[in-house]
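Undergrad: Structure in structure tokens, see below.
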Amino acid sequence: MSTVPVVRAFIRSRGRAPASWLDRYTTLFGLAMLGAVLARPVSSALAAIVHQADPSRTGAGIALITLAYAGLLATARAVGPLAVPAPDAAWLVLSPLDRRGVLGRTARLLLVISVLAGAALGVGVLAVLGAPDQLTIRLVTAVVLGLSAGVGGMALTVLSQSSQAWSSWLHVTLVAITLLAVVTALSAAGPARRLLTAVATAPAALGAALAAVAAATAILLVRQAWSSLARIPARSVLDASTRAGHVAGAAVGMDPGALTWITEDNHWRGRTLRSRPWPSLPAPLALAWQDWRRLGRRPGRLAVLSGTAALPALAAQAAGGVTAIVTGIVLAGALAAAATATWGARRDADNPGLARLLGVDARSALAARALLPALLSGVWLALALTGLTLAGVVAGPWWLFGPLSAAALAAGSLRMARRDPVDHSMPFIETYFGTIPTGPLLWATNGVDLAALGCLPLLLALAAQPPALGGFLIAQALAGVIVLSCYLLRAVKSS
């Protein structure tokens with residue numbers, strides 16, 4: 001029986017020529033230039049680590065890093081994580097070859113990714129906790145802890161792909177990590193702050209012992225995951241390879257919007273839905289009712305969306321105030337909340353003939369479809385601003401900006417849903433940072449610019465922190481109505 005190296009050597013012999021010395025030189029030169037560019041930011045970050053931890057910011061910082069770690073594990077679980085290229089998935093996975101040999105290359109790539117992500121997490125934790133003394137020992141301990149978390153978490157996701165029991169354990173781990181982030185965020189105030197101070201000033205020997213235990217656990221998980229490669233089901237590998245192929249195709253074509261169609265189709269395909277009578281509504285509202293029903297059938301998405309409203313408050317506590325990054329998180333989160341309910345508007349834009357057959361006026365239909373994005377974005381923004389108020393970052397009735405900004409956010413999300421694919425024929429712009437293609441740039445900012453313009457009073461208020469919000473609230477109400485009205489007129493006239 002042929003072995004995997006023999007088969008891969010045969011494939012290489014029938015494919016393109018091996019890389020020349022010039023290709024290898026170009027790759028090494030690019031890696032060297034990347035290291036030179038990152039050297040200064042990394043050294044600056046390491047120099048900023050030498051400080052005493054601020055208990056008021058430690059809890060929020062650790063909570064954000066913990067949520068980022070949970071997000072990495074959830075993303076790896078959703079992607080696969082073990083996937084192979086389409087040719088390998090077509091016949092190598094289903095062949096009698098040793099499956100561990102077929103999946104070994106992908107497993108090594110996952111190991112490299114988990115090592116890099118774990119090192120970044122470890123340095124981030126140390127940056128939050130600070131290193132007032134024994135910098136070298138604390139840095140090594142933090143990196144080892146981060147590497148153990150990254151490698152062990154990736155090994156756990158691989159095990160979850162091979163066994164339903166391990167998948168349940170991964171689900172429990174994600175829930176536990178999320179709860180830990182919540183408890184850490186809440187411990188930033190009150191008597192529990194002493195615990196964070198004790199953690200930040202703990203002896204370096206205690207951290208080293210904890211790092212040794214974490215490393216041993218990660219090694220055991222990696223060995224278990226490597227052993228499971230030989231018995232991983234082919235079906236899970238094929239499904240993960242299909243998802244990875246869709247992602248790669250969307251990345252090459254620079255059309256990330258196609259991923260939403262793929263995700264929705266994969267979710268609803270093969271599901272049996274209960275039939276309910278359609279409510280007695282006016283024609284435009286009846287047309288938009290499908291978006292409400294579609295969102296109501298996925299309560300988990302609403303729960304996750306509500307939980308993300310706490311991110312601006314955590315980011316503001318970690319940064320020590322409302323910074324540009326916190327303002328960007330507020331706008332991006334509200335716009336993302338609105339974009340979760342624009343499926344119908346995008347379908348109407350892709351199939352204008354079907355929209356005309358429904359016999360509903362285009363402007364009325366688009367206005368009806370704007371109601372749900374406006375509701376979601378307004379509620380999310382009100383919750384986020386209330387979190388900033390409760391955290392003591394801002395003071396006043398900031399939550400009123402939520403319903404007043406809903407119209408502008410709905411207009412931006414509808415424009416994002418109805419935008420055309422990327423125009424790759426547009427020229428490139430030479431800048432100081434390199435060549436920027438204008439096609440993807442305009443595609444990415446299409447809709448975001450409209451939301452930022454409509455929420456300009458809110459953004460100015462977050463930057464200025466005025467003692468009275470009356471003028472900004474009135475300006476926000478007018479800006480939201482004007483932006484949505486102009487967009488409805490413009491969108492229907494252009495279509």
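The values are calculated or read from the model by the stated rules, or taken from the named source; none is laboratory data. Being a predicted model, the structure only gives us computed values, none of them experimental. Here the Cβ positions follow ideal geometry from the backbone for every residue, glycine too, while neighbour counts run over all protein chains shown. Remember, those area values only see protein heavy atoms, side chains included, never the ligands or the DNA or RNA. Shrake-Rupley method; radii C 1.70, N 1.55, O 1.52, S 1.80 Å.
Conditions (1) small (Gly, Ala, Ser); (2) surrounded by fewer than 17 Cβ atoms within 10 Å (Cβ to Cβ), marked per residue:
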residue	(1), (2)
342	no, no
345	yes, no
352	no, yes
355	yes, no
365	yes, no
370	yes, no
374	yes, no
378	yes, no
381	no, no
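Undergrad: Is it the case that some residue within segment 184-202 is within 22 Å of residue 148 (Cβ to Cβ), at pLDDT below 70, among the small types (Gly, Ala, Ser) and surrounded by 15 or more Cβ atoms within 10 Å (Cβ to Cβ)?
TA: Yes: segment 184-202 contains one or more residues that are within 22 Å of residue 148 (Cβ to Cβ), at pLDDT below 70, among the small types (Gly, Ala, Ser) and surrounded by 15 or more Cβ atoms within 10 Å (Cβ to Cβ).
Undergrad: Please go through segment 57-110 and give me each residue that is in contact with a helix residue (DSSP H, G or I) (Cβ under 8 Å, 6 or more places away or on another chain), in a loop (DSSP other than H, G, I, E, B) and not small (Gly, Ala, Ser), ordered by number.
TA: Within segment 57-110, 81, 82, 84, 85, 93, 94, 97, 98 meet the criteria.
Undergrad: Still on this structure, I have one more. Residues in segment 90-106: is at least one of a type in the set (Asp, Glu) and either under 20 Å from residue 159 (Cα atoms) or under 17 Å from the mean Cα position of the chain (by Cα) (or both)?
TA: Pass one, segment 90-106, residues of a type in the set (Asp, Glu): 98.
In the following step, the residues that additionally are either under 20 Å from residue 159 (Cα atoms) or under 17 Å from the mean Cα position of the chain (by Cα) (or both) were identified as 98.
Yes, the conditions are met somewhere in segment 90-106.
Undergrad: Also, quick follow-up: Out of 388, 409, which single residue is touching a residue at least 24 places away in the same chain (Cβ under 8 Å), open to solvent by less than 10 Å² (accessible area, probe 1.4 Å), within 22 Å of the chain's Cα centre (by Cα) and farther than 18 Å from residue 449 by Cα? Steps first, please.
TA: Values: 409 fails: farther than 18 Å from residue 449 by Cα.
When all the criteria are applied, what remains is 388.
Undergrad: Moving on to the next point. Could you identify the single residue in 145, 170 that is farther than 19 Å from residue 227 by Cβ, assigned to a helix (DSSP H, G or I) and in contact (Cβ under 8 Å) with a residue 12 or more places away in the chain?
TA: When all the criteria are applied, what remains is 145.
Undergrad: Ok, one more. Which of the residues spanning segment 84-118 are aliphatic (A, V, I, L, M), open to solvent by 20 Å² or more (accessible area, probe 1.4 Å) and under 15 Å from residue 225 (Cβ atoms)?
TA: Once the filter is applied, which keeps residues that are aliphatic (A, V, I, L, M), open to solvent by 20 Å² or more (accessible area, probe 1.4 Å) and under 15 Å from residue 225 (Cβ atoms), segment 84-118 yields 107, 109, 110, 111, 112, 113, 115.
Undergrad: If you don't mind, there's one more thing I want to ask. Taking segment 429-440, which residues are open to solvent by 80 Å² or more (accessible area, probe 1.4 Å) and either among the charged types (D, E, K, R) or at pLDDT 75 or above (or both)?
TA: 430
Undergrad: Regarding residue 317, is this residue in contact (Cβ under 8 Å) with a residue 12 or more places away in the chain and either more than 26 Å from residue 452 (Cβ to Cβ) or among the small types (Gly, Ala, Ser) (or both)?
TA: The answer is no for residue 317.
Undergrad: Now for a different question. Against the definition (surrounded by 15 or more Cβ atoms within 10 Å (Cβ to Cβ), modelled with pLDDT under 85 and of a type in the set (Lys, Arg)), how does residue 235 come out, yes or no?
TA: No, not satisfied.
Undergrad: Only one of 419, 415 is assigned to a helix (DSSP H, G or I), closer than 15 Å to residue 490 by Cβ and not hydrophobic (A, V, I, L, M, F, W, C). Can you tell me which?
TA: On inspection, the qualifying residue turns out to be 415.
Undergrad: Still on this structure, I have one more. I'm told residue 307 meets every condition in (1) small (Gly, Ala, Ser); (2) open to solvent by less than 40 Å² (accessible area, probe 1.4 Å); (3) assigned to a helix (DSSP H, G or I); (4) closer than 30 Å to residue 66 by Cβ except one. Can you identify the failing condition by its number?
TA: (2)
Undergrad: Only one residue in 287, 314, 335 is open to solvent by less than 50 Å² (accessible area, probe 1.4 Å) and either of a type in the set (Val, Ile, Thr) or over 18 Å from the mean Cα position of the chain (by Cα) (or both). Which one?
TA: The conditions single out 287.
Undergrad: Let me confirm something: among 396, 402, which residue is in contact with a helix residue (DSSP H, G or I) (Cβ under 9 Å, 6 or more places away or on another chain), in a loop (DSSP other than H, G, I, E, B) and open to solvent by less than 50 Å² (accessible area, probe 1.4 Å)?
TA: Selected residue: 396, the only one of 396, 402 that is in contact with a helix residue (DSSP H, G or I) (Cβ under 9 Å, 6 or more places away or on another chain), in a loop (DSSP other than H, G, I, E, B) and open to solvent by less than 50 Å² (accessible area, probe 1.4 Å).
Undergrad: When you look at residue 259, is it modelled with pLDDT under 75 and closer than 30 Å to residue 60 by Cα, yes or no? Walk me through it before giving the result.
TA: On the way: modelled with pLDDT under 75: yes; closer than 30 Å to residue 60 by Cα: no.
Judged against the criteria, residue 259 is not a match.
Undergrad: If we keep just the residues of segment 441-457 that are without any contact (Cβ under 8 Å) to a residue 60 or more places away in the chain and under 23 Å from residue 400 (Cβ atoms), which is least open to solvent (accessible area, probe 1.4 Å)?
TA: Result: 454.
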